[in-house]
Amino acid sequence: MRLLFSGIGIVVYTGLCAYIGVRLFAFARYFMPGVKTLIYWPAFILLCYAFVFIGFMRILRLHFLQQIGSYWIAVFIYLLLLLILFDLLRLGLFLFHRNVLTPRFTAKGIGAALCLCFIIITYGAFHARSIHTVQYRIRLAGQGDSLRIALISDLHIGPSVEKKHIAKVVNVINHAEPDIVCIAGDIFDGHLDTVRDLPGIAEEFRRLQPPLGIYACLGNHDVDRMFPPGGGTERIEAFLRGAGITLLQDEFAAIGGNMYIAGRRDARPIGMKAQRKTAAELCSAIISETPRTLIVLDHQPTQFAKIEAAGADLVLCGHTHRGQLFPANLITKSMYRIMGASHYGYWQGNALQAVITSGAGYWGPPLRVGTNSEVAVIDITFGE
């Protein structure tokens, strides 16, 4: 069944790429009549499938191809939407007996779509590299002093997210002066061999010195390799230890008095079998202690009802990127609402509260449109 859906996806993607290719070829032929078919189409096909060649053929060191493939995904999305809007506009004008089928009108419309697409991509590329701070104020039952948490997730360290970006994130966190730093998964992007300067990145993490420590859970992309399937997490675990980060894999740690933090294994690590404790199993050793406060790190915000039933007070998540690129954020908002959770921001159940961050990095296209790369700063007070 998976192969069937993959095949359908490839056919649909190829058809949409062909639509874009035909429109761009018409544009090129209008301004440059000498463009050769045998040059244009092979180059266009390589552009469309660059990310496939890199992923499945494991061309790990061709960073320029990785960047081209990553940007093409965003260009594909926005250029497709803009060209469809142009053709719908042209159809509407044609129905009102306007002469809109001329090569000149077509070339101008496609040119306008290309210009607008370029503006969106340029804005998104710069915007993704700007780290925003989002503030939350939460009151939890229990005893204790106030607590400030800096929450990040979805760094996706790899070909696009490197030491320079991590340094920016660390600077924003340090400026907030948190008591504890939490990392809600997807620290890496699925293949450590694509990461340049791992020691330098570890050094950046070591600049974080919160008094109560740094705690992390892993996400679905946190595997040593995605292709071929079956990569483990041993190298990632060793990196985190060397960077001064405590990894919680279906484990919990006391962070002061009657306060605990638990980290869940991810439900669907790519290329690996998902074997993890249920929320009840993870929390059972803690909930017998009263009064107590339990904070859970869970990469994917999909099991809020089960985590609430298990007795947790606060869950911190990532994964969704808030859609990362408009209009995907509208889709993720509906998806996670149906699941009884949320794709972003603050969520409250009967006894459980949650914060879902859009992430401090990005996956796939190295840009953000309609969303932010962010550090969530959560100020917690205690009392009934």
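The values are calculated or read from the model by the stated rules, or taken from the named source; none is laboratory data. Quick caveat, the model's predicted, so the values are computed rather than measured. Here the Cβ is made from the backbone with ideal geometry for all residues, glycine too, and neighbour counts use every protein chain on show.
Summary of computed values
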quantity: Hey, I201 in the same structural domain as A376 (by TED's automatic domain parsing) and modelled with pLDDT of 95 or more or not; calculated: yes
quantity: Checklist (1) under 23 Å from S373 (Cα atoms); (2) of a type outside the set (A, V, I, L, M, F, W, C); (3) loosely packed, with under 13 Cβ neighbours inside 10 Å applied to Q67, failing item; calculated: (3)
quantity: Which numbered condition T102 misses (of (1) surrounded by fewer than 17 Cβ atoms within 10 Å (Cβ to Cβ); (2) among the polar types (S, T, N, Q); (3) in the same structural domain as L325 (by TED's automatic domain parsing)); calculated: (3)
quantity: Members of the stretch 164-202 found to be among the charged types (D, E, K, R) and in contact (Cβ under 8 Å) with a residue 12 or more places away in the chain, listed by number; calculated: K168, E177, D179, D186, D189, D193, R196, D197
quantity: Any strands (runs of 3 or more DSSP E) falling wholly within the stretch 267-384 and containing at least 1 residues that are surrounded by 15 or more Cβ atoms within 10 Å (Cβ to Cβ), assigned by TED's automatic domain parsing to the domain that holds I152 and acidic (D, E); calculated: 373-382
quantity: Any hit, the stretch 115-124, residues being surrounded by 16 or more Cβ atoms within 10 Å (Cβ to Cβ) and under 17 Å from G361 (Cα atoms); calculated: yes
quantity: Residue check, S160 of a type in the set (S, T, Y) and under 15 Å from the mean Cα position of the chain (by Cα); calculated: yes
quantity: Yes/no for T357 being among the polar types (S, T, N, Q), touching a Ser or Thr at 6+ places or on another chain (Cβ under 9 Å) and in contact (Cβ under 8 Å) with a residue 60 or more places away in the chain; calculated: yes
quantity: Output for the stretch 177-219, where each listed residue is under 20 Å from A262 (Cα atoms), surrounded by fewer than 24 Cβ atoms within 10 Å (Cβ to Cβ) and among the acidic types (D, E); calculated: D179
quantity: Close pairs (8 angstrom Cβ cut-off, 6 or more residues apart or separate chains): without any contact (Cβ under 8 Å) to a residue 40 or more places away in the chain and within 21 Å of R207 (Cβ to Cβ) in the stretch 234-263, surrounded by fewer than 16 Cβ atoms within 10 Å (Cβ to Cβ) and of a type in the set (A, V, I, L, M, F, W, C) anywhere; calculated: T246/A253
quantity: Test: residue in the stretch 242-250 that is touching a Leu at 6+ places or on another chain (Cβ under 8 Å) and either crowded, with 18+ Cβ neighbours inside 10 Å or assigned by TED's automatic domain parsing to the domain that holds Q66 (or both); calculated: yes
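Yes or no, residue by residue, for (1) modelled with pLDDT under 85; (2) within 22 Å of the chain's Cα centre (by Cα):
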position: V223; (1), (2): no, yes
position: F227; (1), (2): yes, yes
position: A238; (1), (2): no, no
position: I245; (1), (2): no, yes
position: A254; (1), (2): no, no
position: M259; (1), (2): no, no
position: R265; (1), (2): no, yes
position: R268; (1), (2): no, yes
